[in-house]
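The values are calculated or read from the model by the stated rules, or taken from the named source; none is laboratory data. Small disclaimer: the values here were computed from a predicted structure and weren't measured. Please note: Cβ atoms are built from the backbone with ideal geometry, for glycine as well, and neighbour counts cover all protein chains shown.
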Amino acid sequence: MTASDRTLTTTLPLRRGSEGFNTSQDYLVKGLIPAGALCSIYGPGGSFKSFLAVSLACHIASGTSWGGRRVNQGAVLFIAGEGGTGVSRRIRAWELSVNDEMALDNLFRVDCPIFPAAPGSIEQVILAAKDIQNMTGMPVRLIILDTLARCFGNSDENTARDMGAFIQGCDTIRYHTRAAMMIVHHSGKDQERGARGSSAFQAALDAEFNVRREGRCNAITLSCTKMKDAEMPEVTASILRKSLSIPIAMANQ
């Protein structure tokens, strides 16, 4: 530090020139989901986007590779904004598909919506992440919001102002928990134009993925439509396996 450096009074994290250019990218799922990132999975109704989110949650909580990609194990908080028993049944089916005795003790659910634009909801999610770490001894590495619409409250997702408040809330949660956030979202009426709502959402994302169901079968394709600071991963084709008529897991084909 030079003499002029010692006279600085700002609290901003100043860095010189290209300092930090060679910092390696940490991943939650290798080459797919950056650690601590704001991500989204979007697609039309019936595209299995929620099933995919459950699959990612189960693999990260259990520390098992996903589609041949290494994962950085950690606790997961799944906010099932639509409530019901669907998510719990899918998680149980995944447990049974791996080991009859297995229980995902590092995967936690909230079966009601939270609202990132509301300070009270932000505080409760941060407190929940701390409670989960105290119970498991693991940091929460992924928080899933399913879906954006259910966690948007009475705001208008088509306006940049309301979407900005939602994004700011998500950023606050990520800052205090250091977890990645995955937002499950719907595509618009014209699927080729991407996710519905204000373009401010897509602009704020670190990574975005489009899910498409292939025909009427249980095959899907996962395409990366944005990867801010890393190489774009290749399109992944997957099959949704079934057990007792319950889709349970994703596997690269």
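Going by the structure shown, is Asn218 over 25 Å from Glu123 (Cβ atoms), among the polar types (S, T, N, Q) and buried (at least 20 other Cβ atoms within 10 Å of the Cβ)? No, not satisfied.
Does Val76 satisfy the condition of being surrounded by 13 or more Cβ atoms within 10 Å (Cβ to Cβ), under 21 Å from Gln133 (Cα atoms) and in contact with a His (Cβ under 6 Å, 6 or more places away or on another chain)?
No.
Of all residues in segment 154-187, which are part of a loop (DSSP other than H, G, I, E, B) and either crowded, with 21+ Cβ neighbours inside 10 Å or in contact with a His (Cβ under 8 Å, 6 or more places away or on another chain) (or both)? Of everything in segment 154-187, just one residue is part of a loop (DSSP other than H, G, I, E, B) and either crowded, with 21+ Cβ neighbours inside 10 Å or in contact with a His (Cβ under 8 Å, 6 or more places away or on another chain) (or both), namely Ala179.
If you filter segment 113-125 down to residues that are of a type in the set (A, V, I, L, M, F, W, C) and more than 14 Å from Ile144 (Cβ to Cβ), you find that the one that is surrounded by the most Cβ atoms within 10 Å (Cβ to Cβ) is Phe115. As a summary of the residue check, Gly153 satisfies the conditions (1) at pLDDT below 95; (2) within 17 Å of the chain's Cα centre (by Cα) except for the one numbered (2). Scanning segment 138-153 for any residue that is surrounded by fewer than 15 Cβ atoms within 10 Å (Cβ to Cβ) and either out of contact with any Gly (no Cβ under 8 Å at 6 or more places or on another chain) or under 22 Å from Gly45 (Cα atoms) (or both) turns up nothing.
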